[in-house]
1. 222 nm [θ] for the chain, helices only, -39500 (n - 2.57) per DSSP H run of 4+, per residue, to 500?
2. For the Cα atoms of the chain, what angle does the longest principal axis make with the long axis of helix 4-16, in degrees from 0 to 90, nearest 10?
3. When DSSP beta bridges are limited to those with both residues in region 42-230, what percentage is antiparallel, rounded to the nearest 5?
4. Read phi for every residue in region 151-160 and hand back ³J(HN,Hα) as whole Hz from Karplus 6.51 cos²θ - 1.76 cosθ + 1.60, θ = phi - 60°, with x for Gly and Pro.
5. Name the residues of region 209-233 whose amide N is less than 18 Å from a point 7 angstrom out from the Cα of Lys169 along the C-beta direction?
6. Could you calculate the FRET efficiency of Lys87 with Met65 from 1/(1 + (r/R0)^6), where r is the beta carbon distance between them and R0 is 22 Å, rounded to 0.05?
7. May I ask you to derive the relative contact order of region 42-230, considering only C-alpha pairs under 8 Å and at least 6 residues apart, and to give it as an integer percent?
8. Report, to the nearest 10°, how far helix 93-109 tilts away from the longest principal axis of the Cα atoms in the chain, using its own Cα long axis and a range of 0 to 90°.
Amino acid sequence: MMDRKTAIFRRCANIIWNNVCPICGELLEYDGLLCDKCIEELPYNNDKICPVCGKTICFDHSQIMFDAVYTLVKYEEPVVNSIYDLKEGRILNLAEYAAVEIAKKMKEDGTAEKVELVTAVPMHWLKKEDKNINQAEAVAKFMARELEKPLDLTLLKKHRGYQVQHKKKASDRREYANKKFYISPKHSDISGKTVLLCDDVYTTGATFNRCTELLKQMGAEKVIVMAIANTEK
Ligand SMILES: [Zn+2]
Ligand SMILES: [Zn+2]
């Protein structure tokens, strides 16, 4: 929920910059995230997703390192475009809306109370500077706020280098993820903790699996993963 300070800030900011729906561009109230029509029409994940891997078409469950997965919508239009805006550091409303809705689900099913720490899939600092935003961190900040849990963005790191992920085969993505991420030398103690790991899009699970593996090497007891959007497989 938005606190008073944020509400006041948004009310003032809204006088200078209009708050618009990130999907259709319609003007919103200062505290609105998406317009009613877009909320209704979003391509929500239906109930047919697998409770173990979170996909409509399962992948090999023996590869799964994480303990649970949450996503809100399918990675298709208009979500793809809206996530692109998020990557470019434009409108954060979709990330915030997804966090609010997923936190609601987690409170209903009892997961929220188990989470002790919120973190994000890392991005190299050079890329972060270039784009102004790490969209995974943006999601994690909203999740930490919604669940009222501490946020720690210093656990994992990513090596420099940019490769377009979505065109790669699953095996290539796994290899890429294994090399790309590493444990931050100055990380805090997460022994025995249940950690929530956040990202913007859940694709093959290579990134989530590798980051989960590292968090468990650091002593995390359980790792729950979440993303705004989910690809079909
Ligand atoms: Zn809209
Ligand atoms: Zn499955």
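Since every read-out is calculated from the coordinates, none of them should be taken as a lab result. Because the structure is predicted, anything quoted here is derived from the model rather than measured. Quick reminder, even Gly has a Cβ in these numbers, built from the backbone with ideal geometry, and neighbours come from all protein chains shown.
1. On the way: 8 runs with 88 residues, N = 233.
Mean residue ellipticity at 222 nm (helix-derived): -11500 deg cm²/dmol.
2. Orientation of helix 4-16: about 60 degrees from the principal axis.
3. Working: 4 of 23 bridges.
Restricted to region 42-230, the bridges split so that about 15 percent are antiparallel.
4. Each residue of region 151-160 in turn: 10, 9, 9, 10, 7, 10, 10, 10, 5, 5 Hz.
5. Within reach of a label on Lys169: 233.
6. Details: r = 25 Å, r/R0 = 1.15.
With a Förster radius of 22 Å, E is 0.30.
7. Numbers: 341 pairs, mean separation 53.3, N = 189.
Relative contact order comes out at 28 percent.
8. 60 degrees
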